[in-house]
Amino acid sequence: MNPEISVKIDDKEIKTAPGVNLIDLAKEHGIEIPHYCYHPALAVAGNCRICFVEVEGMPHPQIACNTPVRDGMVVRTKSELAVEARKWTLEFLLANHPLDCPVCDKAGECDLQNYAFKYGRSHTDFVEKKRTPATVRLSDKLMLEKDRCIVCLRCVQFLRDVDGKEELYVHQRGNSAEIATAPGKDLESDYQLNTADICPVGALSPTNFRFAERVWNLEKRESICPLCPRGCNTKIDIKDNVVQRVVPRFNKEVNSYWMCDEGRSYFSKYHTNRRRIEGFWHRGEPIDAASFFVSVARRLQQEAATDILVLVSNWLCNEDIQAIADFVDGSLSAATISGPPFKEGGDHLLRRWDFGPNARGLRDIFKGRFHEPNKLKQSFKLALSFGVTPSKDLNIDELIYLGAYMEPFIANTLYVAPGVAHGEIHGSYTNFAGVVQSFDTFLEAPVQAHTCEEFIGKLLPLLEHR
Amino acid sequence: MEPVLSRHFNDSQYRDVDTYMADGGYRVLKSTLKQRAPEEIIQTVKDAGLRGLGGAGFPTGMKWSFVPSVEERPGNRYLVCNADESEPGTFKDRALLTWDPHLIIESMVISGFAMSMNIGFIYLRGEFTEITPIIEKAIAQAYEKGFLGNNILGSKFSFELYLHRGAGAYICGEETALLESLEGKRGYPRLKPPFPATHGLWRSPTNVNNVETLCLVPFILDRGVKWFRSIGNDKAKGPKLYCLSGRVKRPGVYELPMGINLKELIFEHGGGIPNDKALKAVIPGGSSCPVLTAAECDISMDFDSLAAAGSMFGTAAVIIMDETVSMVEALYVITRFYAHESCGQCTPCREGVKWMQDILRRLLKGRGRREDIDLLITMCDQIERRTICALGDAAALPVRSFVSKFRHEFEKGIQ
Ligand SMILES: Cc1cc2nc3c(=O)[nH]c(=O)nc-3n(C[C@H](O)[C@H](O)[C@H](O)COP(=O)(O)O)c2cc1C
Ligand code: SF4
Ligand code: SF4
Ligand code: FES
């Protein structure tokens, strides 16, 4: 078969391979064909009928999402037939829609709103009584506003085909069709919030973002989820230096269009409301920065390097870890290097069981010099920890700690310095499969917080003065 | 015409395998397995010109030849008998299922042999509860006699047959929704292509035929193409079951040649209209077919003639309306049915058909608006051929025809 065929979409002549899906081809060439049910990671459902186009030779409009292209095919996305068919699909979809955009969280990023504006009619012929099904709770994480649902089935398909959980189904038939869980059952999926992302309308809403913010008021940034070594690519919405929402960002290699529910709540669970280490501390008493670094330098020099344990967190970026590696090589080359234990494995989809993003980067940088913590039997006079809460199994007399959050052990710790948290630094993580992913800063760190690089930068000159 | 399909109607003794056999039953199966090659059977069905009687009228022999060969696609291959008969006005398959279950089994084994299928399903309309034990018993008897199972009658051909009861959804008569339902899923019609011939039940080669279509096969093989083509007129051939209902003196199932004149069917066989009322309109092929006015009823009942007249032969379910029938009410009842039976996948069908029902209800109650009638026609334009399956068309076609042909009655409903 001829690998190169020609297709004409509107005024564009396109060379492509036969059998390519028309809707994908159009998108690739910058021609928008509206769609609701179609999603590149789900099986073609073909039910919403918004993607109508005219194909020359066919008397009726065709759905672009289920049209494999043929040589010589002539497609019109703006012909009267296509435009009229799309208008009516929107008319049908909006007939029973509550039109409650002012109180809908999806407003501003809703394809019903967007397409209605772009492709819809400016009036309606519908004067009948609207269907008004109730709003229901699907789980602690998710609500369903049935009156906004357009029954595109993306949510059902995602749970069934991607997550492998038949937890959502269509209840009733025809005009009464609605999305439901099995009677009396909550959604249990650990990935259920993906359904809210792919819901093209405001029918599914995460309880943790419901009525919280208007999306156009949020600052939009991109990042990498730090919760596990998968490193799902994310979009971060921020207001007042607080992360309001995390949603996945497409990365074919790493996480496709998805991320787990836990990763989305990383900030609310592990960051936003946690008390930060704001200043420098010496055994529970405040100490000024200058004295802190002088004292730490003196203390490090007092011990033989062989009696020092350097703990490096798997939450640090490669750049910080490299800075630590260079520092140890230059100044404490006889010290022992370790870090948090590594938890093998993961679930059926994305989640890896290890807590933190960069266990692989940590081990890749230190290579053979890194000691797995469970194999460390000797005792140390002093530990210098970059973000690692020392486990009780470690035998250490004294601790110098650079970290972001207040912990109970800090009150008795020899020296404590304020560190930065995820979001406050830029750098890269190496995911469990070896993919190096860089990310940017999107949160402001506390004034005194130091990255490892900065911390070492201040310590080094003092050590060299020995 | 000598009764063929209806020869055992109203006589329950033929439900028993012995009586059925004493009347020549399973004789054609025996001779077919011994003497005929599968390709030869398919060719014979093609030569006879048999067309599907489930509504669409697709040439049966051609449909069978789309099924890939066993060499190409080994493994399980399925023959499905569509006994979901739910189109309003249609009750012909029900008669066959009630009175001649062994004819259906014999037809299925023969047809299964022709397409080298090894598994058969009878998908029975859920509401046919009284038919269930009849079919169950017949299947058990056919197994006992060796007409089903392994190496049927000592041949190399094996065929298992199962009865599957639907759960009360008209849409499961649509062949791909039927297959989804058989797979234990929600009865949603599938996007086509691919077609069941290559990707049917569990993605395996599958053929779905209507009960009546299948039941004609043994007769064609036994009596020959010439006999089959001697019945009917110049447009269509073979025996056919017609269902008469509505305002007619003798409603029921009639076996008559293909291509019978519609007026003759109503007035001679059906005895005409009760109480000397005048004929107003006829739906010739089940509720989804465009209505004919009384003046249009002098017509041959066959696929092509009715298509030429802007209607459809459908399932040959003739619904008769006299001068006292309100066309608005009749259409409301039909539209309510399709709104209720839409599976709800496609936007135009899910939203549009219920909307049309609402408009018709207002017109019926005298609360119509001037724009409603044109709106109904526009909606038909936007539902027809805009959906995954033909239910959207089935809902729109009657609306378009009723409203265009009897517009004055609808206008009376305007406030
Ligand atoms: C909404 C809908 C309902 C249908 N219901 C039936 C039915 O009850 N029985 C039937 O035989 N065919 C029914 N059909 C037609 C089937 O899809 C299919 O064409 C038929 O079973 C093929 O058999 P045939 O070729 O022998 O006619 C229906 C089609 C549609 C679109
Ligand atoms: S809830 Fe959203 S994703 Fe699910 S079917 Fe409805 S519109 Fe589609
Ligand atoms: S046309 Fe109607 S019945 Fe057929 S698949 Fe679409 S919604 Fe379902
Ligand atoms: S996007 Fe094509 S039918 Fe929904």
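Going through B:GLY368, B:GLY413, B:GLY392, B:GLY344 one at a time, which residue ends up being within 15 Å of ligand 1 (Cβ to nearest atom), at pLDDT 95 or above and touching a Gly at 6+ places or on another chain (Cβ under 6 Å)?
B:GLY344
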- [ ] Check segment A:221-236 and report whether any residue there is free of Cβ contacts under 8 Å to residues at least 40 places away in the same chain and either more than 14 Å from every other protein chain (Cβ to nearest Cβ) or touching a His at 6+ places or on another chain (Cβ under 8 Å) (or both).
- [x] yes
Open item on the list: Restricting to segment A:36-63, name every residue that is within 16 Å of ligand 2 (Cβ to nearest atom) and under 23 Å from A:GLU13 (Cβ atoms).
Closed with: A:CYS51
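Residues checked against (1) buried (at least 22 other Cβ atoms within 10 Å of the Cβ); (2) at pLDDT below 95; (3) at positive phi:
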| residue | (1), (2), (3) |
| --- | --- |
| A:TRP281 | no, no, no |
| A:GLY284 | no, yes, yes |
| A:SER295 | no, no, no |
| A:GLU303 | no, yes, no |
| A:VAL310 | yes, no, no |
| A:ASN314 | yes, no, no |
| A:CYS317 | yes, no, no |
| A:ILE321 | yes, no, no |
| A:ALA325 | no, no, no |
Open item on the list: Which of the numbered conditions does A:LEU399 fail, given that it passes all the others? Conditions: (1) closer than 23 Å to A:LYS458 by Cβ; (2) free of Cβ contacts under 8 Å to residues at least 60 places away in the same chain; (3) within 29 Å of the chain's Cα centre (by Cα).
Closed with: (3)
Open item on the list: Given the criterion buried (at least 24 other Cβ atoms within 10 Å of the Cβ), free of Cβ contacts under 8 Å to residues at least 60 places away in the same chain and not in a loop (DSSP other than H, G, I, E, B), identify the matching residue among B:VAL208, B:VAL282.
Closed with: B:VAL282
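Residues checked against (1) more than 10 Å from chain B (Cβ to nearest Cβ); (2) free of Cβ contacts under 8 Å to residues at least 24 places away in the same chain; (3) loosely packed, with under 13 Cβ neighbours inside 10 Å; (4) over 30 Å from the mean Cα position of the chain (by Cα):
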{"residue": "A:PHE117", "(1), (2), (3), (4)": "yes, yes, yes, no"}
{"residue": "A:ARG121", "(1), (2), (3), (4)": "yes, no, no, yes"}
{"residue": "A:ALA134", "(1), (2), (3), (4)": "yes, yes, yes, yes"}
{"residue": "A:ASP140", "(1), (2), (3), (4)": "yes, no, yes, no"}
{"residue": "A:LEU168", "(1), (2), (3), (4)": "yes, no, no, no"}
{"residue": "A:ARG173", "(1), (2), (3), (4)": "no, yes, no, yes"}
{"residue": "A:PRO183", "(1), (2), (3), (4)": "yes, yes, yes, yes"}
- [ ] Please identify the pairs in which a residue from segment A:36-51 that is closer than 15 Å to B:GLN345 by Cα and assigned to a loop (DSSP other than H, G, I, E, B) has its Cβ atom under 7 Å from the Cβ atom of a residue that is of a type in the set (D, E, K, R) and more than 10 Å from ligand 2 (Cβ to nearest atom), counting only partners at least 6 apart or on another chain.
- [x] A:ALA43/A:ASP161; A:ARG49/B:ARG386; A:ILE50/A:ARG86
- [ ] Return the pairs, sorted by first residue and then second, in which the second residue is assigned to a loop (DSSP other than H, G, I, E, B) and surrounded by fewer than 19 Cβ atoms within 10 Å (Cβ to Cβ), the first residue lies in segment A:89-113 and is within 14 Å of another protein chain (Cβ to nearest Cβ), the beta carbons are less than 6 Å apart, and the residues are 6+ apart or on different chains.
- [x] A:GLU91/A:ARG121; A:ALA95/A:PHE126; A:ASN96/A:LYS130; A:ASN96/A:ARG131
TODO: Select, from B:ARG165, B:ARG73, B:ARG125, the only residue that is surrounded by fewer than 23 Cβ atoms within 10 Å (Cβ to Cβ) and under 22 Å from the mean Cα position of the chain (by Cα).
DONE: B:ARG165
Task: Enumeration of residues in segment B:55-98 that are of a type in the set (S, T, N, Q) and either touching a Leu at 6+ places or on another chain (Cβ under 6 Å) or not assigned by TED's automatic domain parsing to the domain that holds B:ILE135 (or both) - done: B:THR60
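The rows are residues; the columns are (1) surrounded by fewer than 17 Cβ atoms within 10 Å (Cβ to Cβ); (2) away from chain A (no Cβ under 14 Å); (3) among the charged types (D, E, K, R); (4) part of a helix (DSSP H, G or I).
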site	(1), (2), (3), (4)
B:GLY314	no, yes, no, no
B:VAL318	no, yes, no, no
B:GLU329	yes, yes, yes, yes
B:ALA339	no, no, no, yes
B:GLU351	no, no, yes, yes
B:LYS354	no, no, yes, yes
B:GLN357	no, no, no, yes
B:ARG362	no, no, yes, yes
B:ILE377	yes, no, no, yes
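So how many residues does segment A:69-88 have that are hydrophobic (A, V, I, L, M, F, W, C), away from chain B (no Cβ under 14 Å) and under 22 Å from B:GLU384 (Cα atoms)? Give the derivation first.
If we filter segment A:69-88 for residues that are hydrophobic (A, V, I, L, M, F, W, C), which is where we start, we get A:69, A:73-75, A:81-83, A:85, A:88.
Now narrow it down to the ones that are away from chain B (no Cβ under 14 Å): A:69, A:73-75.
From what is left, the residues that are under 22 Å from B:GLU384 (Cα atoms) are A:75.
Of the residues in that region, 1 qualify.
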Task: Any chance B:ARG369 is facing another protein chain (nearest Cβ under 9 Å) and farther than 21 Å from A:THR89 by Cα - done: yes
Open item on the list: I need the full set of residues from segment B:42-56 which are of a type in the set (Val, Ile, Thr) and within 10 Å of B:VAL225 (Cα to Cα), in order please.
Closed with: B:THR44, B:VAL45
Task: Check on A:ASN66, within 10 Å of chain B (Cβ to nearest Cβ) and away from ligand 2 (no atom under 15 Å from the Cβ) - done: yes
Open item on the list: Looking at A:SER291 and the list (1) surrounded by 18 or more Cβ atoms within 10 Å (Cβ to Cβ); (2) in contact with a His (Cβ under 9 Å, 6 or more places away or on another chain), which single condition is not satisfied?
Closed with: (1)
- [ ] Select from segment A:1-34 the residues that are in contact (Cβ under 8 Å) with a residue 60 or more places away in the chain and buried (at least 20 other Cβ atoms within 10 Å of the Cβ) and write down the one among them that is nearest to B:ILE388 (Cα to Cα).
- [x] A:PRO34
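The values are calculated or read from the model by the stated rules, or taken from the named source; none is laboratory data. Every value quoted in this text rests on a predicted model; they were computed, and no experiment measured them. Neighbour counts run over all protein chains shown; Cβ positions are idealised from the backbone, glycine included.
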